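Below: the structure, in structure tokens.
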Amino acid sequence: MQVVQALQQALPNTSVLTSEEACRPYECDALSAYREKPLAVVLPENIDQVKRVLQICKAHQTPVITRGSGTGLAGGALPLKEGIVLGLSKLNKILKIDPLQRIAVVEPGVRNIQVTQAVEPFGLYYAPDPSSQIACSIGGNVAENSGGVHCLKYGLTVHNVTSIRVLNMAGEEYVFDEKDDGIDLLALLNGSEGLLGVIVEIKLKLLPKPEAAQLVMAAFSCVKACAEAVTAVLQEGIIPAGLEMMDRFSIQAAEDFAKVGYPTDAQALLLCEVDGSHDQVQVDAQRVAEILTGQGAYQIRVSQNERERTALWQGRKNAFPAVGRYSPDYYCMDGTIPRSQLAYVLEEIAKLSQKYDLRVANVFHAGDGNLHPLILYDANQPGQLQRTEAFGCDILNLCVDVGGTITGEHGVGVEKLNSMCHQYQGDELEIFHGIKAVFDDTGLLNPGKAVPTLHRCAELGQMHVHKGQLPFAHLERF
Amino acid sequence: MEQTVKLLAEQIQQARHENQTLQIVGGNSKVPLNDTAQVLSIQEHSGILSYEPAELVITARAGTRLQELQQVLAEKKQMLAFEPPEYGNSTIGGTYACALTGPARPFRGKLRDYVLGTKLLDGQGRALSFGGKMIKNVAGYDVSRMLAGSKGSMALVTELSLKVVPLVEEVTYRIEMPECEAIVLMNQLAGTSLPLSGAAYYGGYFYYRVMGAHPKQTNRVGVEAVDNQVWQTLNPFRPKLPPGQKLWRLDVESTTPCIDGTIAVGMCGSRRWVASEHKPEHPYVTLWDERFLPRHNDGLGVQKIKQGLKKVFDPYHVFQDL
């Protein structure tokens, strides 16, 4: 391949991987059901090398799939057979920390947790904390507009980035800064899933570490009461730093795994964390406990110290692997719904679970309505993956139908292209494709991801008539 | 489609056929009217469409007055976190179009941070919908946030869904001190756990505003509690200047040392209001004469992107350029 040769000539030997073995770890991201071997994996060491890679790929009309740490859950970094993977993990330097200004400037390969670790001595931290934060990269966070358990209070990635440097396919550089005038291109680039440019530098907003935090755990014997309790807390004017809900299956799995003292007889469990100044936290924690008791919680526990608070979080933070122990594979969904619809949506998911004969556990970022159903399946059983995908697709359609969205924080990637057809009409999709073309007229940056073609949606529309047993697998993934 | 939206869409289509340029006007409180463009008014398209306090979301038509929104929210002990400036008769649509945020910006974020979804009419009069009413939503490009600040040059936004926050009690304190010391102090305070919602320097005083329960401030030397008026004075900031002097708005790094001619420091140091005859030498300077003129200091590459995006939304150039 000419393009591979050109890349090998332009970059150090160790920066271009082509062998089957070396490329294997890059065949998929955290959505491992989809795999593809790329032409090559390129791991540039500096921005100049990134520019050269882009120029070479442009000249050879070769697609570029930018990749951070590969922790994405929607297949956004799935390689193309005829494309290269542009891995930015070697661009891993923190370029600047200004504690007085409360900003950090980082390269895209810097891991999320590294930022907080580096600024901790100054009493600061970086707020967005996706559950993969020990591994996921800041560049990937920006591309996906990642959330985390604290985003109800502290915002998503888009709220915590003040400036980015971006390259286009020609290797030309742009800066999008919060101080810019007119339309907000910085906001547009957040969550653009690698389709609009390659992000090579990011300026992050840092926040002072809260003086104190307390966790209130509440057990409910009915899901509806738990959902209503969440509403009551928010209506009282308290914005918790974290507000997480788990259903019975998740509670049992988490307790079995982490042994933190969750009540396994509960139908729903609520974890509500308040943080801020000592004064405020005391007031808020007591108020939250009162509200939850008033809403019918039959057991309340308020963390008395840091150790207890961390321990109570452990169950929730390990919910995915805990549920995963019950099955060879699990599939994590990411719909968002109005909280008022939660009880209804959970009932419908239970019905679908019976219909597809697949078990499902639900964990819920209750504060912002982000639902993560985990569907358990076995990829080695013929037909189970397809059934799982159809089940997942039904869940996402359900989310859209109650006024929600198909993805709260994981992104569309390749995984939710079909669901995008359900959420957006042709005219909006046309605008999306128009935006893509403005930034990338070559169409070589992460092609086929995030926004479905109109053709795909049209085909799907026809097939919706025969809803029930969609053979998704044979559909071309473009 | 709502009747008023239908009428607006028809006006857009008619303008396209007649090669007319349209200027979108809300409460006519900000951008002055342009003689060469035809007015497309969203005054009639007003009203709150849905408001679920527990979901922390309000949806309103673009012509809804800010005052109405704020009153309805206050009744449920909630508010717009971005504290939009009131220019008299201002609408939420116009505020969004100009992307205006008040003094809490460094602490609570800016207008676009609270935009969850928009419905709009593009330059072909097509009704489009982006985002929604969800606090978290990463499906598709974030068009709703991108168009904040577009000043009616790309599309007619007809409806907005905004995240709202609980109304908080706020107390303002001030200390008399020199400007350069205040700039350092406000940045230092912002790095502590004191729950700030405003930090500014004006008329020889450093002002800071604190939300909710917090440690006593007035036992510190020189600190006095004052009313919250100063934040209204600064938002919108309309000082009387001597003849010949112009008001310039500078967006800078928050720790930038004193700048000559500064008459107020806002946004915890990241905004400087400078009175001078000539344009200060700085990368992000806007002449602030309440005409909301764009800065036009984009590099060629960004200009090209903006022109390209304009064509995507308004291919026949129906909406007035910036």
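Tabulated data for the structure shown
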quantity	calculated
Index of the failed condition, B:TYR208 passing every other in (1) under 25 Å from the mean Cα position of the chain (by Cα); (2) under 23 Å from A:PRO210 (Cβ atoms); (3) open to solvent by 40 Å² or more (accessible area, probe 1.4 Å)	(3)
Candidates A:ALA285, A:ALA297, A:ALA319, A:ALA311, filtered to the one that is away from chain B (no Cβ under 14 Å), over 18 Å from A:LYS224 (Cα atoms), in contact (Cβ under 8 Å) with a residue 60 or more places away in the chain and surrounded by 15 or more Cβ atoms within 10 Å (Cβ to Cβ)	A:ALA319
Positions within segment B:129-144 being facing another protein chain (nearest Cβ under 7 Å) and out of contact with any Phe, Trp or Tyr (no Cβ under 9 Å at 6 or more places or on another chain), in sequence order	B:GLY132, B:LYS133, B:MET134, B:ILE135, B:LYS136, B:ASN137, B:VAL138
Lone qualifier among A:VAL175, A:VAL149, A:VAL105 - being in a strand (DSSP E or B), open to solvent by 10 Å² or more (accessible area, probe 1.4 Å) and in contact (Cβ under 8 Å) with a residue 60 or more places away in the chain	A:VAL105
A:LEU86 in a loop (DSSP other than H, G, I, E, B) and within 23 Å of the chain's Cα centre (by Cα)	no
Considering residues of segment A:242-278 that are touching a Cys at 6+ places or on another chain (Cβ under 9 Å) and closer than 18 Å to A:LEU152 by Cα only, the residue nearest to the other protein chains (Cβ to nearest Cβ)	A:LEU243
Hey, B:GLN13 in a helix (DSSP H, G or I), closer than 13 Å to B:GLY123 by Cβ and of a type outside the set (A, V, I, L, M, F, W, C) or not	yes
Qualifying positions in segment B:86-140 - in a loop (DSSP other than H, G, I, E, B) and hydroxyl-bearing (Ser, Thr, Tyr)	B:TYR87, B:SER90, B:THR101
Members of segment B:182-204 that are more than 13 Å from chain A (Cβ to nearest Cβ) and surrounded by fewer than 24 Cβ atoms within 10 Å (Cβ to Cβ)	B:TYR202, B:GLY203, B:GLY204
Given (1) within 14 Å of chain A (Cβ to nearest Cβ); (2) assigned to a strand (DSSP E or B), number of the condition B:ARG174 does not satisfy	(1)
Filter result (at the interface with chain A (Cβ under 10 Å from one of its Cβ atoms), over 20 Å from A:GLY191 (Cα atoms) and not in a loop (DSSP other than H, G, I, E, B)) within segment B:145-171	B:VAL165, B:PRO166
A:PRO382 being more than 14 Å from chain B (Cβ to nearest Cβ), open to solvent by less than 40 Å² (accessible area, probe 1.4 Å) and not aliphatic (A, V, I, L, M)	no
Residue match in segment A:198-208 (condition: more than 24 Å from the chain's Cα centre (by Cα) and either outside any loop (DSSP other than H, G, I, E, B) or under 30 Å from A:LEU312 (Cβ atoms) (or both))	yes
Test: residue in segment A:211-218 that is within 9 Å of chain B (Cβ to nearest Cβ) and of a type outside the set (A, V, I, L, M, F, W, C)	yes
Which numbered condition A:GLU211 fails, given (1) among the charged types (D, E, K, R); (2) surrounded by fewer than 19 Cβ atoms within 10 Å (Cβ to Cβ); (3) at pLDDT 95 or above	(3)
Of all residues in segment A:190-206 being within 9 Å of chain B (Cβ to nearest Cβ) and closer than 10 Å to A:LEU445 by Cβ, the one that is surrounded by the most Cβ atoms within 10 Å (Cβ to Cβ)	A:SER192
Condition check for A:VAL402: touching a residue at least 24 places away in the same chain (Cβ under 8 Å) and in contact with a helix residue (DSSP H, G or I) (Cβ under 6 Å, 6 or more places away or on another chain)	yes
Total residues in segment A:115-142, condition open to solvent by less than 20 Å² (accessible area, probe 1.4 Å) and within 11 Å of another protein chain (Cβ to nearest Cβ)	2
Filter result (of a type in the set (D, E, K, R) and open to solvent by 60 Å² or more (accessible area, probe 1.4 Å)) within segment B:291-318	B:ARG291, B:LYS304, B:LYS311
Only listed residue being over 16 Å from the mean Cα position of the chain (by Cα), assigned to a loop (DSSP other than H, G, I, E, B) and among the aliphatic types (A, V, I, L, M), chosen from A:ALA390, A:ALA379, A:ALA350, A:ALA361	A:ALA379
Residues of segment B:240-274 satisfying the condition of being of a type in the set (A, V, I, L, M) and surrounded by fewer than 17 Cβ atoms within 10 Å (Cβ to Cβ)	B:LEU241
Given (1) among the acidic types (Asp, Glu); (2) touching a strand residue (DSSP E or B) at 6+ places or on another chain (Cβ under 7 Å); (3) under 29 Å from B:ASN187 (Cβ atoms), index of the condition B:ASP298 fails	(2)
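Rundown of residues vs (1) touching a Leu at 6+ places or on another chain (Cβ under 9 Å); (2) within 12 Å of chain A (Cβ to nearest Cβ); (3) closer than 28 Å to B:ILE183 by Cβ, yes/no style:
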position	(1), (2), (3)
B:LEU241	yes, no, yes
B:TRP273	yes, no, yes
B:HIS278	no, no, yes
B:THR286	yes, yes, yes
B:LYS306	yes, yes, no
B:PHE313	yes, yes, no
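Each row is one residue, and each column tells you yes or no for (1) away from chain B (no Cβ under 14 Å); (2) in contact (Cβ under 8 Å) with a residue 24 or more places away in the chain; (3) out of contact with any helix residue (DSSP H, G or I) (no Cβ under 6 Å at 6 or more places or on another chain).
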site: A:ASN370; (1), (2), (3): no, yes, yes
site: A:LEU374; (1), (2), (3): yes, yes, no
site: A:GLY392; (1), (2), (3): yes, yes, yes
site: A:ILE406; (1), (2), (3): no, yes, no
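The values are calculated or read from the model by the stated rules, or taken from the named source; none is laboratory data. What you see is a predicted model; the values in this text were computed from it and never measured. Every residue, glycine as well, gets a Cβ built from its backbone with ideal geometry; the counts of neighbours run over all protein chains shown. Protein only, heavy atoms only, side chains kept; ligands, DNA and RNA dropped before computing areas. Shrake-Rupley method; radii C 1.70, N 1.55, O 1.52, S 1.80 Å.
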